[in-house]
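To start, the structure itself, in structure tokens.
The values are calculated or read from the model by the stated rules, or taken from the named source; none is laboratory data. Remember, it's a predicted structure, so these values are computed and weren't measured experimentally. With ideal geometry, Cβ positions are generated from the backbone for all residues, glycine too; neighbour counts draw on all protein chains shown. The area values use the complete protein model at the heavy-atom level, side chains included, leaving out ligands, DNA and RNA. Shrake-Rupley method; radii C 1.70, N 1.55, O 1.52, S 1.80 Å.
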Amino acid sequence: MQIGFTSSTFNQIKQPEAIISILNNAEEYCFGKKTPDNNSGPSHQFVIEWNEKAHVKTLNDAQSIMLLCCKNNIEVCSFGSYYRVGSKDSRHWHNVCEKASVTGAKSVRVWLGKCDSQKTDKDTYNELLEDAENMCVIADDYGLKISAECHRNTFNNDTDAILRFMSDLDNSVFYTYFQSIYKDIDTDLDRIERTFDKTANVHISFAESRREQFPKFKRDYADILIEKYKNMDFSGALLLEYSYFYSLFGIQRSFNKDMKNLCIKAGIIK
């Protein structure tokens with residue numbers, strides 16, 4: 001299991017170099033400073049999911065990101081696109097896949113439609129399938145997987161819905177993400193088990209867990225999800241995410257603490 005974060009966490013920081021600096025500081029906070037006597041481990045423990053909205057808008061951006069990550073020996077696990085399945089925009093999708101491929105990402109995260117599965121009619125569902133089929137062909141040409149964001153207001157808002165969609169699509173290129181809304185632990189654990197083999201990566205947010213459950217919340221909710229993936233020997237990445245604006249003041253300290261907490265709960269740090 002890998003540990004990482006989404007660059008969307010730092011959408012307010014426009015310079016990728018500054019994000020890498022935050023990552024470097026967080027790694028030192030979590031694992032200690034490398035010394036000449038203790039330099040046998042990998043240069044970086046963390047992976048990153050870059051996003052196209054803030055940091056990889058163009059192919060030139062993608063090239064710069066790739067060089068920056070290579071220079072710092074950082075793995076790009078995924079590319080956070082904002083392409084919506086059903087758009088049927090092959091030109092746009094080609095551009096997304098090209099940017100993702102240039103960064104060195106393994107998969108592209110997409111949004112599956114524009115509304116909940118319960119509100120998706122038959123014609124719209126068929127359009128989602130048709131677009132996804134074409135997208136898989138293109139993504140496969142670039143050596144990429146497609147991963148549908150697990151989110152409200154998309155068809156991937158429900159476990160049965162995404163399992164049905166992946167079964168009907170029947171394409172090994174298409175995967176799902178997991179992301180909780182931190183409301184129903186039994187439903188979340190059930191989804192983890194039933195979609196485990198087709199889950200590429202997981203978004204985890206301690207901040208969102210607290211926000212969604214305010215004013216009363218289950219303090220160990222996110223910890224239970226992480227423990228579940230740990231016990232099931234998950235091979236993807238757990239990606240820390242803040243889903244709302246964090247001020248620049250104090251963000252390094254907050255990020256350090258959350259990344260260390262994630263590493264401890266996942267068993268990366270004993």
Residues located in the stretch 49-77, provided they are touching a helix residue (DSSP H, G or I) at 6+ places or on another chain (Cβ under 8 Å), outside any helix (DSSP H, G or I) and within 26 Å of I204 (Cα to Cα):
E49, W50, N51, E52, K53, A54, H55, V56, N72, I74, E75, V76
Would you call E149 within 27 Å of L189 (Cβ to Cβ), surrounded by 14 or more Cβ atoms within 10 Å (Cβ to Cβ) and of a type in the set (D, E)?
yes
Looking at S235, S243 in this structure, which one is polar (S, T, N, Q) and modelled with pLDDT of 90 or more?
S235
D170: closer than 22 Å to G267 by Cα, acidic (D, E) and over 19 Å from the mean Cα position of the chain (by Cα), yes or no?
no
Filtered residue count, the stretch 116-160, keeping only those that are out of contact with any Lys or Arg (no Cβ under 6 Å at 6 or more places or on another chain), small (G, A, S) and at negative phi:
4
Cβ-Cβ distance below 6 Å, separation of 6 or more or different chains: which pairs start in the stretch 144-162 with a residue that is modelled with pLDDT of 95 or more and end on one that is open to solvent by less than 50 Å² (accessible area, probe 1.4 Å) and acidic (D, E)?
N157/D116
So which residues in the stretch 116-142 are open to solvent by 40 Å² or more (accessible area, probe 1.4 Å) and either of a type in the set (D, E, K, R) or touching a residue at least 40 places away in the same chain (Cβ under 8 Å) (or both), if there are any at all?
Q118, K119, D121, K122, D123, E127, E130, E133, N134, D140, D141, Y142
Consider only pairs whose beta carbons are under 6 Å apart and that are at least six residues apart or on different chains; among these, list those whose first residue lies in the stretch 169-183 and is touching a residue at least 40 places away in the same chain (Cβ under 8 Å) and open to solvent by 10 Å² or more (accessible area, probe 1.4 Å) and whose second residue is small (G, A, S) and not in a strand (DSSP E or B).
L169/A132
Confirm whether S101 is under 15 Å from Y142 (Cα atoms), modelled with pLDDT of 95 or more and small (G, A, S).
yes
Residues of the stretch 55-71 being crowded, with 17+ Cβ neighbours inside 10 Å, within 20 Å of the chain's Cα centre (by Cα) and not hydrophobic (A, V, I, L, M, F, W, C), in sequence order, are H55, D61
Of the residues in the stretch 78-113, those that are open to solvent by 50 Å² or more (accessible area, probe 1.4 Å), farther than 12 Å from E149 by Cβ and charged (D, E, K, R) come to K88, D89, R91, E98, K106
What is the number of the single condition among (1) among the hydroxyl-bearing types (S, T, Y); (2) open to solvent by less than 30 Å² (accessible area, probe 1.4 Å); (3) out of contact with any Gly (no Cβ under 8 Å at 6 or more places or on another chain) that T199 does not meet?
(3)
Restricted to the stretch 208-242 and to residues being among the polar types (S, T, N, Q) and outside any loop (DSSP other than H, G, I, E, B), the residue surrounded by the fewest Cβ atoms within 10 Å (Cβ to Cβ) is N231
Can you name the residue in the stretch 152-168 that is open to solvent by 10 Å² or more (accessible area, probe 1.4 Å) and among the polar types (S, T, N, Q) and is also farthest from S205 (Cα to Cα) among such residues?
S167
Identify all residues within the stretch 162-202 that are more than 22 Å from D140 (Cα to Cα), hydroxyl-bearing (S, T, Y) and in a helix (DSSP H, G or I); write none if there are none.
T187
Under 8 Å by Cβ, and 6 or more places apart or on different chains, what pairs join a residue from the stretch 257-270 that is over 14 Å from K230 (Cβ atoms) with one that is open to solvent by 20 Å² or more (accessible area, probe 1.4 Å)?
M259/Y29; K260/Y29; K260/I269
